[in-house]
Amino acid sequence: MTIPFTYKLVFKPTKQYYYGVRWAKGCSPNDFWITYFTSSKHIKKLINEYGKNSFEFKVTKTFSNKIDAGNWETAVLERVKTNKNSKFINKTNNMPVYDSSGLKVIHHIETGIGTFHDQSIPISDGWKYGQSDKHKENNKKAHTKLYSDGKYKAWNKGGGKPTGKCSEKRRIAISNSRMNTPKSVCEHCNKKIDPGNFKRFHGDNCKMNPDINQNVLKKRSEKAKNSMRKQKERGTFSKPKTLIGIFKCPFCSKESINYGSMKRHHFNKCKAKGS
């Protein structure tokens, strides 16, 4: 006999909740937390690290069919906004894609466990905004290498991965990938730009946009100046190389002294190429 049911878990170390449903063929509330421990990968990870006894568990409601059970679970998750509420381990309101945009990272002070949180919802006691020291240390280990002097060094400073100079094969692969990336045309400066740079520097953020927020341009300028200052302090700063001369496209025979414009629209990118 199948008895669909919903259940609630409380993870004792952080006092977070998890709300779920079970409707598999032959399932029963009597199996909960004995042979069935949810299908959540997050719960399984916590069980492996902290053990089954780190949870309080309770069957909250039983149903005669799986449709009513599923609808009930979705209604509860939507009501408490589990996709934005750090009080819940659930990551979604049963939506296929989880979107963390607009949410802030917070962490539990004692365990270091991190999650996303909506600032409009009060933060629980024992939690703090930002990444935990444990998370920062793991990031450091993943992107750097520990040397005998007890210091970590980034991959481009002699440690970690990737190591060595980029091979010619990889350089060509990166170049081809960039060239084949679909470009967007900025309506203000008419440049064809890849999606990443378009979002940052073009469209509404284009410096040629007459309605652009001046604070955006100011912050961009300050960031560039700070970056240049740090490069000078490290001794890695070099002025951009400006090519001088008359440049001719081998495909359409156009000539210009503006190498930047020619590079964008001619040579291998010329419309006349291969015609």
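Nothing in this text is a laboratory measurement; each read-out follows from the coordinates by a stated rule. Bear in mind that the values here come from a model prediction, so they are computed numbers and not experimental data. Methodologically, a virtual Cβ is constructed for each residue, glycine included, from the backbone with ideal geometry; neighbour enumeration extends over all protein chains shown.
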Item checked: At R0 = 25 Å, FRET efficiency that the Cβ-Cβ distance of Q131 and S101 yields, to 0.05 -> 0.90
Margin query: Please enumerate, by chain and number, the lysines with C-alpha under 16 Å from the C-alpha of K271, excluding those fewer than 8 residues away in the same chain.
Written below: K183, K191, K192, K248, K254, K263
Checklist line | For W23, net neighbour charge (Lys/Arg +1, Asp/Glu -1) across residues whose Cβ lies under 11 Å away | finding: +1
Notebook entry, point to check: Which angle between 0 and 90 degrees, to the nearest 10, do you get for helix 168-180 versus the longest principal axis of the chain when only C-alpha atoms count?
Noted result: 80
Check: Taking the Cα-to-Cβ direction at K41 and at S175 and moving 7 Å from each Cα, how far apart do the two end points lie in nm?
Finding: 3.8
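If you add up the charges near T60, with Lys and Arg at +1 and Asp and Glu at -1, over every other residue whose beta carbon is less than 13 angstrom from its beta carbon, what do you get?
So the environment of T60 carries a net charge of +2.
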Item checked: Within a Gaussian network of the chain (alpha carbon springs, distance under 10 Å), most fluctuating of H135, H202, H42 -> H202
Note to self: At most 12 other C-beta atoms within 10 Å and a DSSP loop state: those are the exposed GluC sites (Glu not before Pro) I care about. Give me the longest piece of the chain that has none.
What the structure shows: 1-109
Check: Residue by residue, what Karplus-based ³J(HN,Hα) values in Hz, rounded to whole numbers, does the stretch 6-15 have, using 6.51, -1.76 and 1.60 with θ = phi - 60° and x for Gly and Pro?
Finding: 10, 8, 10, 10, 10, 7, 4, x, 10, 6
Checklist line | Label-point separation in nm, E78 to F201, each point 7 Å along Cα→Cβ | finding: 4.4
Check: In deg cm²/dmol, rounded to 500, what helix-only [θ] at 222 nm does the chain give when every DSSP H run of at least 4 residues adds -39500 (n - 2.57) and the total is split over its residues?
Finding: -9500 deg cm²/dmol
Item checked: Distance (nanometres) between label positions extended 7 Å along Cα→Cβ at S253 and V59 -> 8.6
Notebook entry, point to check: Any idea what the dipole of the chain comes to, in debye rounded to 20, about its Cα centre with Lys/Arg Cβ at +1 and Asp/Glu Cβ at -1?
Noted result: 1720
Check: Plugging the Kirkwood radius over Cα pairs into Stokes-Einstein for the stretch 168-221, at a temperature of 37 °C and a viscosity of 0.692 mPa s, what D comes out in µm²/s?
Finding: 264
Margin query: Calculate the FRET efficiency for I123 and T236 from the Cβ-Cβ distance with a Förster distance of 51 Å, rounded to the nearest 0.05.
Written below: 0.80
Next item on the list: Calculate, axis by axis, the spread of Cα positions in the chain along the three principal axes, and write the results as whole Å, longest axis first.
Entry: 82, 54, 42
Next item on the list: Compute the label zone of C166 within the stretch 181-195: residues whose backbone N is under 17 Å from the point 7 Å along Cα-to-Cβ.
Entry: 181, 194-195
